[in-house]
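What follows draws every value from the coordinates through simple rules; no lab data is involved. None of the values given here were measured: they were computed from a predicted structure. Here the Cβ positions follow ideal geometry from the backbone for every residue, glycine too, while neighbour counts run over all protein chains shown.
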Amino acid sequence: MADQQPTLRIGSWAKSGQLLGLVAAMDDDTVTLFDPGQRQQAQVPRSLAEAVPAGAVTVTVRVQLPVPHGIDENVLRRWVATLTDEVVRERAYAALAEAGLDEGAALPVTSVDVEPVASGTICLCGARTPAPPGTQLQCASCGRTAVAAPLSR
């Protein structure tokens, strides 16, 4: 069933004061918000947690790299993840420079493109459900919140 307004449930986005995060746990009294970008969590009284609208998007990370034949996919993923996190990237660059090593591994520039999904809702579990833009509903697969493309950019 689709909601017209954001609903506080596991997997939805909520805010409390300055903290914006995913609802990672909740009971009658408290909500645990997890900020995936800052890797922080906080428990707040349920009365202070406000559900916020969300929209389904496709995020594409692009980077051009010289990659050796046979590189392990996990190694490549970790390298690209390092390049997309500016704090980690700067620390890696400084550590290489301080050790007198070539900083080249920390130099490739990444670009991040964000586009609304073409159709339907997306849940954190990966399930997709047909729905018009602006829709929020409970995922039939896992019970978390699934959202469709935003109504506007």
Charge context of Val44, other residues only, Cβ under 14 angstrom, K/R +1, D/E -1: -3
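Using 1/(1 + (r/R0)^6) with R0 = 30 angstrom and r between the beta carbons of Asp85 and Leu8, what's the FRET efficiency to the nearest 0.05? List each step's numbers first, then the result.
On the way: r = 29 Å, r/R0 = 0.97.
Computed FRET efficiency for Asp85 and Leu8: 0.55.
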The range 57-113, relative contact order [Cα under 8 Å, separation at least 6], %: 55 percent
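So, R0 is 35 Å and r is the distance between the beta-carbons of Val52 and Tyr93; what FRET efficiency does that work out to, to 0.05? Mind showing how you got there, number by number?
Numbers: r = 35 Å, r/R0 = 1.00.
Given R0 = 35 Å and the Cβ-Cβ separation, E is 0.50.
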Max mean-square fluctuation residue, GNM over the chain, Cα-Cα springs under 10 Å, options Ala127, Ala56, Ala99: Ala99
Charge dipole (the chain, unit charges on Cβ, about Cα centre) - positive-most of Trp13, Ala131, Val87: Ala131
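Can you show me the helix-derived [θ] at 222 nm for the chain, built from DSSP H runs with n ≥ 4 at -39,500 (n - 2.57) apiece and divided by the number of residues, rounded to the nearest 500.
On the way: 2 runs with 25 residues, N = 153.
Helix contribution divided over all residues of the chain: -5000 deg cm²/dmol.
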Whole-Å distance, taken between Cα centres, linking the range 80-153 and the range 8-79: 9 Å
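Once you list every other residue whose beta carbon is under 15 Å from the beta carbon of Asp85, what net charge do they have if Lys and Arg are +1 and Asp and Glu are -1? Can you show the working numbers first?
Numbers: positive: Arg39, Arg77, Arg78, Arg89, Arg91; negative: Asp35, Glu86, Glu90.
In short, +2.
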Convex hull per residue volume in Å³, alpha carbons only, for the range 14-57: 75 Å³
Mean shadow area of the chain over all directions, Cα convex hull, nm²: 12.0 nm²
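Could you tell me which of rounded, prolate or oblate describes the range 57-113, using a ≥ b ≥ c as the square roots of the eigenvalues of the alpha-carbon gyration tensor, with rounded for a/c under 1.5 and, failing that, prolate when a/b is larger than b/c and oblate otherwise?
Values: a/c = 2.23, a/b = 1.34, b/c = 1.66.
Verdict is oblate for the range 57-113.
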Counting all C-alpha pairs of the range 1-87, share separated by more than 20 Å (%): 52 percent
Relative contact order for the chain, counting Cα pairs under 8 Å that sit 6 or more residues apart, in percent: 24 percent
Most mobile of Gln40, Gln138, Gln18 in a GNM of the chain (Cα contacts under 10 Å): Gln18
Label point distance in nm, Asn74-Ser119, each placed 7 Å from Cα along Cα→Cβ: 3.9 nm
